[in-house]
Amino acid sequence: MIQRSRRGCWTCKRRHKKCDETRPVCERCTQAGMACEGYETRLIWGPSDTTTPKTGMVLNPVRQLRPQRRLRRSRVVDVLPDDSLDLGAELSDLYQVPSPDQLDLLYLQYESNGQAGTDNLPSDEVSNRLMQDFSTTGYQTLTGRDGQDGLFKSDILPLCNSCVSLRQVCLAYQASLDTEMVRLTPIYMQSALSHYFDDLNTPEKLELDATLATGVLLCSLSINSLYIWTPLLKGLYGVLQHRDILVAAQRSPLEDHLLEVIALLDIPSFTLNRITRSMEIWKLHVASKGQVGIEETSGLPYSLINLFAGLGSPEAEEGLLGWAEHKSSSCKSNAPI
């Protein structure tokens with residue numbers, strides 16, 4: 001397991017480096033030519049038997065971790081209230097998990113019998129075999145209605161050759177499909193997450209489609225494995241903002257596809273183990289485009305997904321009843337839904 005600083009600066013904690021704790025800026029950051037983020041407190045942490053603070057709520061992991069030999073004492077997380085999310089915040093606030101302790105929570109989920117960690121990665125022979133299987137058959141379980149010759153094969157698979165984080169999460173996915181290799185899934189997942197957060201802190205990598213694809217696959221596999229995952233949506237949203245994809249008049253087919261998948265993940269009624277509130281990406285940036293027909297990833301009509309995205313509104317029930325009537329009449333007339 002990577003040694004992490006507990007009282008060090010935020011930069012060293014995020015990089016999982018031992019901090020020398022020099023103030024106001026540490027020597028490790030200075031020697032590395034990096035901006036030291038300081039030592040100020042960002043979130044309040046408390047034991048599970050304390051009263052929920054007015055500034056947030058106490059949250060336990062939704063999936064109980066297996067006993068670990070090196071697992072630190074259990075802890076719970078104070079997260080910001082639902083109305084605290086500022087969609088106009090700086091990119092640096094959106095693409096980073098709120099604190100190293102919450103980052104620990106994501107990492108620790110992937111530990112399995114003390115074997116997880118980048119130092120315990122399987123041999124190249126095992127990884128190459130898994131990658132070959134994923135490239136030939138495994139990826140097809142992700143393409144759904146897009147078929148074998150869709151964007152995943154033509155645009156995303158080739159990116160694995162140049163993006164370590166994307167390759168690692170693809171290996172994790174393929175391992176999860178193989179009963180003999182499933183034990184390797186958390187090892188690859190932890191490696192993928194580590195590289196992914198490095199990508200989010202590298203400006204030039206924010207411009208890459210591979211970074212978006214990695215985040216989407218991390219979310220998808222985490223959902224399948226019943227892990228906490230929604231903090232990763234903030235990173236995806238930050239990349240979309242950074243690249244102006246949300247407001248672009250024209251987007252590439254891959255950008256359109258990735259935006260729709262991220263927006264689907266953000267719909268509250270489509271998620272499992274959600275610990276962050278929806279950022280309403282679908283309602284604001286997909287539904288507003290007025291698409292008709294079937295959305296490829298989910299296989300659902302755009303008009304129905306638009307209603308799911310607004311289930312919290314007072315008009316939701318009336319809209320669903322009206323949609324059912326409209327669907328019945330549309331089917332008789334063969335009109336698009």
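Across region 290-337, what is the total count of residues that are within 30 Å of residue 152 (Cα to Cα), modelled with pLDDT of 85 or more and among the charged types (D, E, K, R)?
1
Which count do you get for residues in region 197-211 that are surrounded by fewer than 18 Cβ atoms within 10 Å (Cβ to Cβ), without any contact (Cβ under 8 Å) to a residue 60 or more places away in the chain and outside any helix (DSSP H, G or I)?
Residues flagged as surrounded by fewer than 18 Cβ atoms within 10 Å (Cβ to Cβ), without any contact (Cβ under 8 Å) to a residue 60 or more places away in the chain and outside any helix (DSSP H, G or I) within region 197-211 amount to 1.
Please find, among 214, 179, 185, the residue that is at pLDDT below 95 and either under 30 Å from residue 12 (Cβ atoms) or buried (at least 17 other Cβ atoms within 10 Å of the Cβ) (or both).
Going through 214, 179, 185 in turn, just one is at pLDDT below 95 and either under 30 Å from residue 12 (Cβ atoms) or buried (at least 17 other Cβ atoms within 10 Å of the Cβ) (or both): 185.
Return the pair list, or none, for Cβ contacts closer than 8 Å from residues in region 17-41 that are within 13 Å of residue 7 (Cα to Cα) and outside the structural domain of residue 201 (by TED's automatic domain parsing) to residues that are part of a loop (DSSP other than H, G, I, E, B) and among the aliphatic types (A, V, I, L, M), at least 6 apart or on different chains.
Matching pairs, first to second residue: 38/25.
Table: residues versus (1) at pLDDT below 95; (2) in the same structural domain as residue 190 (by TED's automatic domain parsing); (3) touching an Asp or Glu at 6+ places or on another chain (Cβ under 8 Å); (4) surrounded by fewer than 13 Cβ atoms within 10 Å (Cβ to Cβ).
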site	(1), (2), (3), (4)
128	no, yes, no, yes
135	yes, yes, no, no
145	yes, yes, yes, yes
153	yes, yes, no, no
160	no, yes, no, no
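Do you know which residues across region 188-211 are of a type in the set (Ser, Thr, Tyr) and at pLDDT 95 or above?
The one that is of a type in the set (Ser, Thr, Tyr) and at pLDDT 95 or above: 211.
For residue 245, work out the one condition from (1) over 13 Å from the mean Cα position of the chain (by Cα); (2) part of a helix (DSSP H, G or I); (3) over 25 Å from residue 175 (Cβ atoms) it doesn't fulfil.
(2) is the only condition that residue 245 fails.
For region 265-311, enumerate the residues that are surrounded by fewer than 17 Cβ atoms within 10 Å (Cβ to Cβ) and assigned to a helix (DSSP H, G or I).
Listed by number, the residues that qualify are 268, 269, 284, 288, 289.
The values are calculated or read from the model by the stated rules, or taken from the named source; none is laboratory data. None of the values given here were measured: they were computed from a predicted structure. All Cβ positions, even for glycine, are placed from backbone atoms using ideal geometry, and neighbour counts span all protein chains on display.
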